[in-house]
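For reference, the structure is listed below as structure tokens.
We did not get these values from a lab; they are worked out from the coordinates using the rules stated. Just so we're clear, the structure is a prediction, and the values are computed from it rather than from any experiment. Quick reminder, even Gly has a Cβ in these numbers, built from the backbone with ideal geometry, and neighbours come from all protein chains shown.
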Amino acid sequence: MLITAHANGVCRIVKPPSYTWTQDEEEVTVRFKLAPEIQKSSISCEVSAKHLELKILNSESVLLSGDLVHAVKGDESTWLINDEHL
């Protein structure tokens, strides 16, 4: 979906973010819409205390790479694909 935005009288097309993100003191939730052919085995998810990286293996596609607001326990983190969402 594309969004039309008006800035200084100029109309432009803007793509919405490809993910949603929330984090509190206990939990990080990142949600992506995946193509149906993407399998869990083709996704790399690396979580450390202050960093999260999600990428598609065997490609140049990094879905997300960034620092976390609050520290997490990376070795206790889990992820899943649910209804074509990561």
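Tabulated data
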item: Extension reserve of the residue 49-residue 62 stretch, reckoned as 0.36 nm per residue once the Cα distance is removed; result: 2.7 nm
item: Compactness of the stretch 19-86 as Cα Rg over 2.2 N^0.38 Å, two decimals; result: 1.08
item: At most 10 other Cβ within 10 Å, DSSP loop - GluC sites (Glu not before Pro), the stretch 57-86; result: 60
item: Aspartates and glutamates with Cα under 12 Å of residue 33, excluding same-chain neighbours fewer than 8 positions away; result: 83, 84
item: Dipole magnitude of the stretch 19-86, debye to nearest 20 (Cβ charges: Lys/Arg +1, Asp/Glu -1, about Cα centre); result: 200 debye
item: Net charge of Cβ neighbours under 13 Å - reference residue 23; Lys, Arg +1; Asp, Glu -1; result: -3
item: Computed label-point distance, nm, for sites residue 42 and residue 78 using a 7 Å Cα→Cβ extension; result: 2.5 nm
